[in-house]
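Report on one structure; see the data block that follows.
Read-outs throughout are calculated quantities, based only on the coordinates presented, and are distinct from any laboratory measurement. No experiment lies behind these values; they were computed from the predicted model shown. Cβ: placed from backbone, ideal geometry, glycine included. Neighbour counts: every protein chain shown.
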Amino acid sequence: MEVMGAPSVVIGGRVVIVDDEVDFARGLARLVCGQFPGLEVEAVHSAAEALRTLSAKPAQLMITDLRMPEMTGLQLLSQALGLLPDLSMVVLTAYGTIETAVEALRAGAYDFLTKPIEPEQLFRVVEKGLERSRLLEENNRLRKILANKECGGELVGEGAAMRQLKRTIAAVAQSEYTVLVRGESGTGKELVARMVHHLGVRASRPFLAVNCPSIPENLLESELFGHVKGAFTGADRDHKGLFAAADKGTIHLDEIGDISPAVQTKLLRVMQDGEVRPVGSNRSSRVDVRVVASTNQNLEAAMQAKTFREDLYYRLNVLTITLPPLRERAEDIPLLAGHFFRAACREMGLAEKQVDPEVMHWMATHPWPGNVRELQNFVRRLTVFATTERVDMNLLRMVQQGGCLPVPMSKSQNGGDAALEPYKNAKADAVTAFTHSYVNELLAQTKGNVSEAARVSGLSRVALQKILSRMGESAARFRD
Ligand SMILES: Nc1ncnc2c1ncn2[C@@H]1O[C@H](COP(=O)(O)OP(=O)(O)OP(=O)(O)O)[C@@H](O)[C@H]1O
């Protein structure tokens, strides 16, 4: 083998070369290093060594011999891709064993090279393989950003349980199976369902969330599966139904434990046959919808009590994601609280708050029976009622008691016997805080429609616009 041409391209990344012929592997590594000086290239001589080095430090490209003692290149291929799905794998085959190369491509290899190696061909494959891994990584990164954005939030938390949960969500999102998300109320089940959708292949298709108990029992069937005109009193036109609307996407059935036996039976049929039949119709149509159901109930007990169909339970429960209650992941509370404070201040157009350590400690040790939702609402209340940039125990106690606006203390004091603010300043602070929360609520309720907001509040449009500009707020933010 000889190096052809001078180093041409400066690219970065890590390449692992696996061959039990030590000199051959080293020779290949030297060739690649010579051509691409920016690369980190490692030559190893067994599949086990290759897996070890990959787990210790990820690589973007692996070039491996197919015939090795202990573990074949094909076995290595599947284990390495299990570890690093974006890894570009190139297999080395002896001349005339093209069938093995084809088999490797089917198993997920990116390309193959035939021995004896042509350096020019090697360089081309290395360059393209690295580019492919870079694009896949970039794609994943963008997909995650988009998922967080479109989910309406990110899954905050870095504790062990949360890290495991994020890994589970990523794995579940890559499959197409039905998912059952379990956990107490307010633990984030809907957020998880959205992430499963947005991180998966259906991300660009609709995600529809249905809170089953919020729809009257007699209407749920037609909401889900549609109805034809005249199917029942009041059905004055055909209605498509959520399953048809979510075609090729995902439907999130929240509180699945609460659906009636009749809807359970119909849902089971839809999931088994992949077809929906609208109420009053004798024609079915095919739908391709991924179901993510969630519940805070003990479905096993419901099954025993014969209020939940066993066959539906097994259909829904192909993959399970269980969310621990917040009190079992208290290590995430400061991060979550900080996240909610920033979000609340942004929503209300306020400067960021400084939270006293005592307040954080109280929050981190509070049991939060309503879980993350309760913490989020509590932080929102603290933000609304805070008249200074500090969130201290006085404010916390007041909000805890569901109290009214606190009397603001002087900003120069640090709690304890804090001095009162001059009346004029205190009143101005209280009015500002009130105005921010009132206007935010007003625009949220009227979905950013300024005329409607003016009508509801009794303010003139001009006065409302003035307040908005003083707050640095824009009604557009509240529109869908
Ligand atoms: N880990 C998290 N990071 C950021 N926000 C979260 C997290 N978990 C939950 N939330 C937020 O808490 C609120 C409640 O979450 P969600 O509605 O997903 O809970 P749920 O388990 O579906 O509740 P329910 O059973 O009552 O329907 C939402 O505003 C959600 O965005």
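Rounded to whole Å, give me the distance from the Cα center of region 244-290 to that of region 198-241. About 9 Å separates the Cα centre of region 244-290 from the one of region 198-241. Magnitude of the charge dipole for region 327-401, about its Cα centre and with charges confined to Cβ atoms of Lys, Arg (+1) and Asp, Glu (-1), is about 220 debye. Placing unit charges on the Cβ atoms only, positive for Lys and Arg and negative for Asp and Glu, gives the chain a dipole magnitude near 1740 debye about its Cα centre. Sorting 73-81, 104-112 by average packing, meaning the other beta carbons within 10 Å per residue, from highest down gives 73-81, 104-112. Quote the Stokes-Einstein diffusion coefficient, in whole µm² s⁻¹, for region 325-365, based on the Kirkwood radius over alpha carbon pairs, a temperature of 25 °C and a viscosity of 0.890 mPa s. Answer, rounded: 226 µm²/s.
Here the scattering of region 427-478 is modelled by Debye summation over its C-alpha atoms, one equal scatterer each and no solvent; at q = 0.13, 0.26 Å⁻¹ the log10 of I(q)/I(0) is -0.26, -1.02. Here each label is just a point 7 Å from Cα along the line to Cβ, and for residue 139 and residue 330 those points are 4.4 nm apart. The lysines within cross-link reach of residue 240, meaning a Cα-to-Cα straight distance under 29 Å and a gap of 8 or more places when in the same chain, are 149, 189, 229, 248, 266, 447. Extension gain for the segment residue 48 to residue 260, taken as residue separation times 0.36 nm less the Cα-Cα distance, is 70.9 nm to one decimal. Which percentage, to the nearest 5, of the DSSP beta bridges contained in the chain is antiparallel? If we restrict to bridges inside the chain, about 10 percent are antiparallel. Across every direction, the projection of the convex hull enclosing the Cα atoms of region 327-401 has a mean area of 4.4 nm². Considering only alpha-carbon pairs that sit under 8 angstrom and 6 or more positions apart, the relative contact order computed for the chain is 10 percent. One Cα centroid belongs to region 303-368, the other to region 25-78; the line between them spans 43 Å. A cut-off of 5 Å between modelled amide H atoms, ignoring neighbours fewer than 5 places along the same chain, links residue 287 with 275, 276.
Computed over the Cα atoms of the chain, what is the ratio Rg over Rh, Rh following Kirkwood? So for the chain, dividing Rg by the Kirkwood Rh gives 1.08.
In a reduced charge model with +1 at each Lys and Arg Cβ and -1 at each Asp and Glu Cβ, region 427-478 shows a dipole moment near 140 debye about its Cα centre. The stretch between residue 449 and residue 304, if pulled fully straight at 0.36 nm per residue, gains 47.2 nm over its current Cα-Cα span. Helices of the chain meeting both criteria, an alpha-carbon length of 30 angstrom or more along the long axis and an average Kyte-Doolittle score not below -0.5, with helices taken as full DSSP H segments, are 423-445.
Evaluate the Debye formula for region 117-270 with equal point scatterers sitting on the alpha carbons, no solvent, and hand back log10 of I(q)/I(0) at q = 0.14, 0.20 Å⁻¹, in q order, two decimals. Evaluating at q = 0.14, 0.20 Å⁻¹ gives log10 I(q)/I(0) of -0.81, -1.28.
Excluding residue 248 itself, what net charge comes from residues whose Cβ is under 13 Å from its Cβ, given Lys and Arg +1 and Asp and Glu -1? Overall, the nearby charge balance is +1. Here residue 431 and residue 236 are evaluated by their C-beta separation; at R0 = 56 Å the FRET efficiency comes out at 0.65. When the charge dipole of the chain is built from unit charges on Cβ atoms (+1 for Lys and Arg, -1 for Asp and Glu) and taken about the Cα centre, the candidate among 175, 34, 355 whose Cα reaches farthest toward its positive end is 355.
In terms of overall dimensions, the C-alpha atoms belonging to region 251-390 reach 64, 34, 22 Å along their principal axes, ordered largest to smallest. Convex hull volume of the C-alpha atoms in region 1-131, normalised per residue: 89 Å³. The Cβ shell under 13 Å around residue 94 holds other residues with a net charge of -2, Lys and Arg each +1, Asp and Glu each -1.
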